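Structure, as structure tokens:
The values are calculated or read from the model by the stated rules, or taken from the named source; none is laboratory data. Keep in mind it's a predicted model, so treat the numbers as computed, not measured. Please note: Cβ atoms are built from the backbone with ideal geometry, for glycine as well, and neighbour counts cover all protein chains shown. To get the accessible areas, we keep the full protein, side chains included, count just its heavy atoms, and leave off ligands, DNA and RNA. Shrake-Rupley method; radii C 1.70, N 1.55, O 1.52, S 1.80 Å.
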Amino acid sequence: MPWSADPRALNGSLLRLSTPADILAFASEHASALNSVNCATALHRLAKQGATASTQFTPLVARTAAVLRSDARYVTARSLTSIAWASAKLQLDDAGLWAAVSASAASLLPSLDAYALANVAWALATVRRVAPEADGALLEALAEAALARLGEFKPQELCNLLWAFATLKRRHRALFEAASAAAARFCGAGFTAQGLSQTVWAFAKLGLAKHALLVAAAAAAKPRAAQYDPQSLATL
């Protein structure tokens, strides 16, 4: 086993730490022993606690990129998804980290479920300024994988996926064609106000007019328009 400490014990210790400063200090001290699950736990807790990216993140970011690149056999779909989501939430602007996330996602593609596909795409779109030219092949693969699993997507997952492709200006016609029917079904029940408006926005952003989806969105929004927040209403 390639770790100098027990990963389960490290994870238990990370879960007992209560502040970002403590988590970062622990991750720095034990960086060489962290595996992908430990990195995912640390980053996820930091993101949930609203930590702000700084130079203190450097050891944890470097270790996360290293385990994604060098110890792929220990990386799981769950740990990758958590790392991608948390790193995007924290706005970790490190090209090496995102190159490692992209490579890991490509290798794990067959095992990524709807939740993972949507979150990886969302993460790449959220940090698109880091390596905008590196995402093309992976996005194509994510789109094809999503098409095969489209029936498994929940409303928020579908919204996140479509928002990501629109934000990255990836006009994958087959994906959006198939997703328009699923999105129309979610309009009546499933989408939140924000989810509905962002989904319709994604189609509009890419110049894909879907009459049935627009009609369904309007019908769903009309009776509860007074409850919509200003941003969702304006976007819709």
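Points to keep in mind about this one:
- Total residues in segment 179-199 satisfying the condition of being part of a helix (DSSP H, G or I) and either more than 21 Å from residue 167 (Cα to Cα) or not polar (S, T, N, Q) (or both): the figure is 12.
- Extreme residue, modelled with the highest pLDDT, among residues of segment 1-11 that are over 14 Å from residue 40 (Cβ atoms) and open to solvent by less than 40 Å² (accessible area, probe 1.4 Å): 5
Yes/no matrix, rows are residues, columns are (1) touching a His at 6+ places or on another chain (Cβ under 7 Å); (2) of a type in the set (A, V, I, L, M); (3) under 23 Å from residue 116 (Cβ atoms):
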{"residue": "10", "(1), (2), (3)": "yes, yes, no"}
{"residue": "23", "(1), (2), (3)": "no, yes, no"}
{"residue": "29", "(1), (2), (3)": "no, no, no"}
{"residue": "32", "(1), (2), (3)": "no, no, no"}
{"residue": "44", "(1), (2), (3)": "no, no, yes"}
{"residue": "58", "(1), (2), (3)": "no, no, no"}
{"residue": "61", "(1), (2), (3)": "no, yes, yes"}
{"residue": "69", "(1), (2), (3)": "no, no, yes"}
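- Residue satisfying all of: in segment 12-54; of a type in the set (S, T, N, Q) and farther than 18 Å from residue 65 by Cα; least open to solvent (accessible area, probe 1.4 Å) among these: 13
- Yes/no for residue 62 being closer than 28 Å to residue 164 by Cα, touching a residue at least 24 places away in the same chain (Cβ under 8 Å) and open to solvent by less than 20 Å² (accessible area, probe 1.4 Å): no
- Being in a helix (DSSP H, G or I) and either farther than 21 Å from residue 166 by Cα or open to solvent by 40 Å² or more (accessible area, probe 1.4 Å) (or both) holds for only one residue in 221, 216, 202, 209, and it is 221.
- Here 188, 195 are screened, and the one residue that is surrounded by 18 or more Cβ atoms within 10 Å (Cβ to Cβ) and under 13 Å from residue 155 (Cα atoms) is 195.
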